[in-house]
Amino acid sequence: MIIWDAQNSQKEKILTGHTNRVTAATFSPDGKLLASCDMDSNIVLWDVSDWKPRWTNRYLDDGDWRATYCLAFSPDARYLACTHGVYDLRDHRQLVDFYKLVAAYRIPWGACYGVGFSPDGKLLACVTDQGYLLLWDVARLELIEAVHRGNTPLISLSFSPDGSRVITGDDDGVVRLWELSPLRESGIVGRHDARIKSVTFSPDGRQAASAGDDQTIALWDVEARRLVAHVGTHTSPVLSIAFSPDGNRLVSGGYDRSVLLHTRHRQIWGYRID
């Protein structure tokens, strides 16, 4: 796993410790920790001050490992959610085991492909390969709402900055918008020609970006439900995208191991016009 300096596009550090393909990585909100996971179900928590592992964990279910596909810190960095459940980072206990909990609700469950906390930290959302969008109460660590929109896997999700909405990307290439009170689908934001691997709201909440197996990165006007621009392309499926805090840069990672930085100047992406 490589840490990059975004200002000069130089490698800052190479982290070793995973035993298989790294599937996700995310910084804590305060920037002090980095969490990463892999196909062998390992999670590693890195200390940014010295880039050494602070905690490692491997989830086993009846002796078998299950791949870990996603990670998310809570806003206060107290919790780490992943494909398998929720961990308390103060003592590294697993507070929620998704596989066991959903069995009690009789919800079909293969894997959680995407997970995220609301900006206020009160809600946790996850999407599954069985087509479910699930909403959890973080304080009670209980499932409060579940919506099933068919057997099409939901792959990724993102909360809006104000916490009132969620967007999802699915296996059919559709970006969907959801309202949270109550949890319901409110419209289709846009479409790709193949599976969507990653979606994210812009920091101002007015736009959303999506990317996936069609190798393109699209920017959408959320309210108008229309395409704003194609931000960029890769030569292979795009696995992940993320905005900079000011919304003027977007980084993307591809299956071909490329990492691209896309910049915006006067609303034009990819190149400057002066």
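Things to note:
- Taken over the range 104-130, the residue count meeting the criterion of being of a type in the set (Gly, Ala, Ser) and at pLDDT 95 or above is 5.
- Residue ID - surrounded by the most Cβ atoms within 10 Å (Cβ to Cβ), chosen from residues in the range 233-248 that are more than 17 Å from Val199 (Cβ to Cβ) and of a type outside the set (S, T, N, Q): Asp246
- If the condition is being within 19 Å of the chain's Cα centre (by Cα), within 20 Å of Val166 (Cβ to Cβ) and not in a strand (DSSP E or B), then the range 79-108 contributes Thr83, Phe98.
- Subset of the range 22-78 (residues that are part of a loop (DSSP other than H, G, I, E, B), of a type outside the set (Asp, Glu) and more than 25 Å from Ser158 (Cα to Cα)): Ser49, Trp51, Gly63
- The lone exception for Asp76 - which of (1) modelled with pLDDT of 95 or more; (2) loosely packed, with under 14 Cβ neighbours inside 10 Å; (3) more than 21 Å from Arg140 (Cα to Cα) it fails: (3)
The rows are residues; the columns are (1) surrounded by fewer than 18 Cβ atoms within 10 Å (Cβ to Cβ); (2) out of contact with any Asp or Glu (no Cβ under 9 Å at 6 or more places or on another chain); (3) of a type in the set (A, V, I, L, M).
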residue: Gln7; (1), (2), (3): yes, yes, no
residue: Thr19; (1), (2), (3): yes, no, no
residue: Leu34; (1), (2), (3): no, no, yes
residue: Leu45; (1), (2), (3): no, yes, yes
residue: Pro53; (1), (2), (3): yes, no, no
residue: Ala72; (1), (2), (3): no, yes, yes
residue: Ala81; (1), (2), (3): no, yes, yes
residue: Leu89; (1), (2), (3): no, yes, yes
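The values are calculated or read from the model by the stated rules, or taken from the named source; none is laboratory data. Here the structure is a predicted model, which means the values were calculated and not measured. Heads up, the Cβs are rebuilt from the backbone with ideal geometry, glycines too, and the neighbour counts pull from every protein chain shown.
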